[in-house]
Amino acid sequence: MDYGSPSPYAPEPVKSSKPGLGIASLVLGILSLCAWLLPICGFPISIAGIVLGILGLKESNKGMAIAGLVMAGIGLILCLINAIFGAIGALAGSSDFWRYLPPELQQYFS
């Protein structure tokens, strides 16, 4: 019996043309969870992680792509919330900031 020839009933191996998309999405998802504090960095990293996660769903390693997609989505939501609170704080004016300082420090800034 010849074991070298493939069986006609054996499934063909799945070959992906871009095997690193799931890993890249996972790395960018982790980075987006760290970069959400700075919206100027968090938005592009989160968007790139989401795009690579969606593209990575078509490859054989879907687990990393899904994890990266979820983490990048959470990072994007946190980044949006941070940007909204930052805009509200900017619209409130900078005079409100000094009001919340302890009295010992207010004397240095007035």
Looking only at the range 68-83, count every residue that is buried (at least 20 other Cβ atoms within 10 Å of the Cβ) and among the small types (G, A, S) and tell me the total. 3
G22 passes all but one of the listed conditions (1) surrounded by fewer than 16 Cβ atoms within 10 Å (Cβ to Cβ); (2) more than 12 Å from the chain's Cα centre (by Cα); the exception is number (1)
Could you tell me how many of the residues in the range 31-42 are under 15 Å from F85 (Cβ atoms) and modelled with pLDDT of 90 or more? 1
(1) open to solvent by 40 Å² or more (accessible area, probe 1.4 Å); (2) among the hydrophobic types (A, V, I, L, M, F, W, C); (3) over 12 Å from the mean Cα position of the chain (by Cα) all hold for I45 apart from (3)
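Assess whether G86 counts as being under 10 Å from the mean Cα position of the chain (by Cα) and either open to solvent by less than 90 Å² (accessible area, probe 1.4 Å) or modelled with pLDDT under 70 (or both). If you could, list the steps in order and put the result at the bottom.
Details: under 10 Å from the mean Cα position of the chain (by Cα): no; either open to solvent by less than 90 Å² (accessible area, probe 1.4 Å) or modelled with pLDDT under 70 (or both): yes.
Criteria not met by G86.
The values are calculated or read from the model by the stated rules, or taken from the named source; none is laboratory data. Please read all numbers here as calculations on a predicted model, not as lab measurements. Every residue, glycine among them, receives a Cβ derived from its backbone with ideal geometry; neighbour counts consider all protein chains shown. Heavy atoms of the whole protein, side chains included, go into the accessibility calculation; ligands, DNA and RNA do not. Shrake-Rupley method; radii C 1.70, N 1.55, O 1.52, S 1.80 Å.
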